[in-house]
Amino acid sequence: MRSALAAVVVGVVVGVALASGGAASALWTASATLTEQVKTGAVGLTAGTVDGLQADYSGSTRSLTAPWTFTNSGTVAATYSTRGSLSSGSSADLAASIAVVGWPVSAASACTSTSTVGSGSVSGTWSAVPNLSGTLAAKASATWCLRTSIATSSPTGRVNPVLTVALAAGSWTATPQDRRIVQNNTIVPPQTAVCRTDGEAYAWLDFDPSTRATPTRYATYVGSTRVSNNEQTGDYPHFAFTRDNLPKDPFGDGLIGVDIRVMVDGQPTDLMAVGTLKVVYDQYGTRNIQCG
């Protein structure tokens, strides 16, 4: 009697299992889905903006700086990494000429336009964007300082970089996040000034001012030091250089690079032209300025 009852019970269980294949399948599917949710939920990524890089190079603005913060909002430690690319419409020549450097900082407030590049820095260009990487504990954040800078020879144009950050822990991954940037360079590359001499004592630097309004004022600099010749304006501005306005102290001897800059309210702005002079001594030991 007991054996017969056991057989009935077994039969009922097997029958239920076989008859409810759809429900069992649904239960298994639900379990698998839950497992996948746990996997993707174990790591979570939050990335800040890079609004400080969304600007143009113009006037005296030749570099842009912005912090970029990543947060692991998940429940396990994970590794983050970034990559960069250029979207359509970007000038390849301009992208290759814009330097990109990044370094880790303790907080976003430590990333300003005057901040010095710190240890652990990585560098490249918008054509070959440096990779930022590191490990984040659960709920932890990391901040990098990013700075982009144009070169004196950078052409005018536009770049549309895309920065992408990803976060992963083994097979667990968070959805990557993109930050799209647009930068325009409106600063025309400087001309090479034409140098001519007038005897052995001094030299002149000339350039073409036709891209500027006639009243535009210009002055000359060696580095950040103003040369003590007069500001020039008009259709044919030119500058004379002698031992008096290029003394040995502070300008030294040998080759001297001279910048011709646009002046606005008495302050130097755009670099209009560059020239090279040199110091020579005659047979009497007199110091003279000639073309470099």
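For a footprinting-style exposure proxy, rank ARG261, ARG212 by other Cβ within 10 Å, fewest first.
Numbers: ARG261 21, ARG212 16.
The most exposed by this proxy come first: ARG212, ARG261.
Quick one: if the Förster radius is 30 Å, what FRET efficiency do VAL76 and ALA107 give, using the C-beta to C-beta distance and rounding to 0.05? That gives a FRET efficiency of 0.80.
When the expected Rg is taken as 2.2 N^0.38 Å, what fraction or multiple of it is the alpha-carbon Rg of the chain?
Its radius of gyration relative to the 2.2 N^0.38 Å reference: 1.73.
Each residue, THR49 and GLN177, gets one label point 7 Å from its Cα in the Cβ direction; the gap between the two is 1.3 nm. Take the Cβ atoms of SER60 and THR164, set R0 to 22 Å, and the FRET efficiency comes out at 0.10. Put the Cα centre of region 48-72 next to the Cα centre of region 229-265 and the gap is 34 Å. Scanning residues 5 or more positions from TYR57 or on other chains, those with amide H under 5 Å from its amide H are ASN184, ASN185, THR186, with H placed 1.01 Å from N in the peptide plane. By the beta-carbon count within 10 Å of each Cβ, the least crowded to most crowded order of ARG196, ARG179, ARG226, fewest first, is ARG196, ARG226, ARG179.
In debye, nearest 20, what is the charge dipole magnitude of region 145-292 about its Cα centre with +1 on Lys and Arg Cβ and -1 on Asp and Glu Cβ, if you could check?
Values: 13 positive and 14 negative charges, 123 e Å.
In debye, rounded to 20, region 145-292 gives about 600.
Taking other residues whose beta carbon is less than 12 angstrom from the beta carbon of PRO161, and scoring Lys, Arg as +1 and Asp, Glu as -1, yields +3.
Label zone of ARG243 (point 7 Å out along Cα→Cβ, amide N under 18 Å): in region 266-292 this covers 277-292. Between VAL188 and THR286, the modelled labels are 3.9 nm apart [label points 7 Å from Cα along Cα→Cβ].
Within a Cβ distance under 15 Å of ARG243, other residues only, what is the Lys/Arg minus Asp/Glu net charge?
Working: positive: LYS248, LYS278, ARG287; negative: ASP198, GLU200, ASP244, ASP249, ASP253, ASP282.
Local net charge: -3.
Starting from the coordinates of the alpha-carbon atoms of region 45-185, obtain the Kirkwood hydrodynamic radius over all distinct pairs and give the value in Å to one decimal. 15.4 Å is the Kirkwood radius here. If you take all other residues with their beta carbon under 12 Å from the beta carbon of THR82, and give Lys and Arg +1 and Asp and Glu -1, the sum is +1. Per residue of the chain, the DSSP helices (runs of n ≥ 4 H) give a summed -39500 (n - 2.57) that works out to -5000 deg cm²/dmol at 222 nm. Can you work out the PRE-style zone for THR116? Point 7 Å along Cα to Cβ, and I want the residues of region 125-146 with backbone N under 17 Å. Under cut-off, by backbone N: 145.
How do THR225, THR116 line up, fewest other C-beta atoms within 10 Å first?
Values: THR225 10, THR116 6.
Starting with the residue having the fewest Cβ neighbours, the order is THR116, THR225.
Bear in mind that the values in this text are calculations on the coordinates, not laboratory data. Just so you know, these numbers come straight off a predicted model, no measurement behind them. A quick note on method: Cβ atoms are made from the backbone with ideal geometry, for glycine too, and the neighbour counts reach across all protein chains shown.
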